[in-house]
Amino acid sequence: MNKTVTGEDKDGNKIEMDVASLNLRPSVYGIIVKDNKVLMFKQDFGYTLPGGGVEIGEKLKDAISREIKEETGYQVKMKNIVEVTDSFFKLPGSGKNCQTIRMFFLCEIISEEISEIHLEPTETIFNSKPEWIELSELENIKIGDNADLVSIIKKAM
Amino acid sequence: MKTIEGLTMSGEKIIINVDDLHFRPSIYAIIIKDNQLLMTKFGEYGYFLPGGGIDLGENHIDTLIRELKEETGYTVEVGDLLDIQTAFVKSPVKEKYSHTIKIFYKCEIISENPQDIKLTESENILNFTQEWIDLSEIKNLKMAGDDGKLLEIVKNCIKK
């Protein structure tokens, strides 16, 4: 019998996935705080942190700057690591089974200039857009992520 | 073809084709006891930390506990997350190129069970051993597949 692991599909339903079918997909996310507000990514299904997959041959600091610039328009510099979590899920679209090592870094905005946002088709369908959230409001918003983002953001403070 | 600067296990700089790379997330323990750091010696290649690659289907903390048990016989408690480093490395055993993502945690030894030690074929080929190294000696060691960041991580761990 093949080894399996429990993962999730895009709607959060539990699914069993064959371990041999998993694709490694390291990803990086930024925690950016300014004037007691944290920069989040608002999507139809809830708030997430900006970030995404690391490309092969790409350094983590380059991946995080690229993703955050594409999703929010801000230019950031990667600071220290805050948390690492594991996630097993089925990618919407391609249906690929993925094992993600998710790395959450504290980041700092390095330029006043905000560039144009470039979203992926998988982000535009969820009406994704950046939004600054008051730290005091964090407990009251709907988080659209299986990781405990509120605790991770607090740990970064 | 897109290329990138990488290194061999002996620390020599090489140029790697990005298409040849595959992800290798891995996890390592910093264990300090009586002013000594537990290190892994990869034969002639030099020293690094105990730990290793995260298997498919495995939670990264489970990897660290499993690897420590298999390599050192120590059962450890995983503590603070310390650092993450990326490197592009040519494997010394197989003709493989890795995009390594190394995650470092501070750990403490809970118990010692030498009968748990179980080395892999690659580890045996590399003449893999464990040594306790005086903290003051680390800077003089030859490091395996590391671009000089390890000493900094150990220093930050002590400061914490």
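Numerical summary
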read-out	value
Residue check, residue A:143 surrounded by 12 or more Cβ atoms within 10 Å (Cβ to Cβ), farther than 18 Å from residue A:13 by Cα and either more than 15 Å from the chain's Cα centre (by Cα) or modelled with pLDDT of 85 or more (or both)	no
Qualifying residues in the stretch B:27-56 (those that are within 14 Å of chain A (Cβ to nearest Cβ) and surrounded by fewer than 19 Cβ atoms within 10 Å (Cβ to Cβ)) - the one farthest from residue B:124 (Cα to Cα)	B:56
Cross-chain or 6+ apart pairs with Cβ under 7 Å, the stretch B:91-118 first and more than 21 Å from residue A:54 (Cα to Cα) and in contact (Cβ under 8 Å) with a residue 60 or more places away in the chain, then surrounded by fewer than 22 Cβ atoms within 10 Å (Cβ to Cβ) and of a type in the set (Asp, Glu)	B:105/B:80; B:106/B:80; B:107/B:77; B:108/B:77
Among the candidates B:117, B:61, B:84, B:54, residue that is touching a Ser or Thr at 6+ places or on another chain (Cβ under 9 Å) and closer than 30 Å to residue A:155 by Cα	B:54
Residue within the stretch A:59-76 that is within 14 Å of another protein chain (Cβ to nearest Cβ), surrounded by fewer than 20 Cβ atoms within 10 Å (Cβ to Cβ) and part of a loop (DSSP other than H, G, I, E, B) present	yes
Residue check, residue A:56 of a type outside the set (Phe, Trp, Tyr), surrounded by fewer than 20 Cβ atoms within 10 Å (Cβ to Cβ) and within 11 Å of chain B (Cβ to nearest Cβ)	yes
Filtered residue count, the stretch B:96-119, keeping only those that are exposed (fewer than 15 other Cβ atoms within 10 Å of the Cβ) and not in a strand (DSSP E or B)	7
Matching residues, the stretch B:73-106, being more than 14 Å from residue B:49 (Cβ to Cβ) and either within 8 Å of chain A (Cβ to nearest Cβ) or charged (D, E, K, R) (or both)	B:77, B:80, B:81, B:86, B:88, B:90, B:94, B:95, B:96, B:99, B:101
Pair list, Cβ under 8 Å, 6 or more apart: the stretch B:1-20 residue within 27 Å of residue B:141 (Cβ to Cβ), other residue aliphatic (A, V, I, L, M) and assigned to a helix (DSSP H, G or I)	B:4/B:18
Test set (1) surrounded by 16 or more Cβ atoms within 10 Å (Cβ to Cβ); (2) within 19 Å of residue B:127 (Cβ to Cβ); (3) among the hydroxyl-bearing types (Ser, Thr, Tyr) - residue B:86 fails condition number	(2)
So residue A:129, is it at pLDDT below 95, away from chain B (no Cβ under 14 Å), surrounded by fewer than 13 Cβ atoms within 10 Å (Cβ to Cβ) and touching a Phe, Trp or Tyr at 6+ places or on another chain (Cβ under 8 Å)	no
Qualifying positions in the stretch A:1-38 - of a type in the set (Lys, Arg) and not in a strand (DSSP E or B)	A:3, A:10, A:25
From the options B:154, B:93, residue that is closer than 15 Å to residue B:40 by Cα, outside any strand (DSSP E or B) and not acidic (Asp, Glu)	B:154
The stretch A:69-106, subset out of contact with any Leu (no Cβ under 8 Å at 6 or more places or on another chain) and hydrophobic (A, V, I, L, M, F, W, C), residue farthest from residue A:17 (Cα to Cα)	A:76
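Quick grid of which residues meet (1) farther than 25 Å from residue A:15 by Cα; (2) among the small types (Gly, Ala, Ser); (3) free of Cβ contacts under 8 Å to residues at least 40 places away in the same chain:
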residue	(1), (2), (3)
A:50	yes, no, no
A:54	no, no, yes
A:69	yes, no, no
A:76	yes, no, no
A:81	yes, no, yes
A:89	no, no, no
A:94	no, yes, yes
A:99	no, no, no
A:111	yes, yes, yes
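The values are calculated or read from the model by the stated rules, or taken from the named source; none is laboratory data. Here the structure is a predicted model, which is why all the values come from computation and not from measurement. Positions of Cβ are generated from backbone atoms using ideal geometry, with glycine treated the same way; all protein chains shown enter the neighbour counts.
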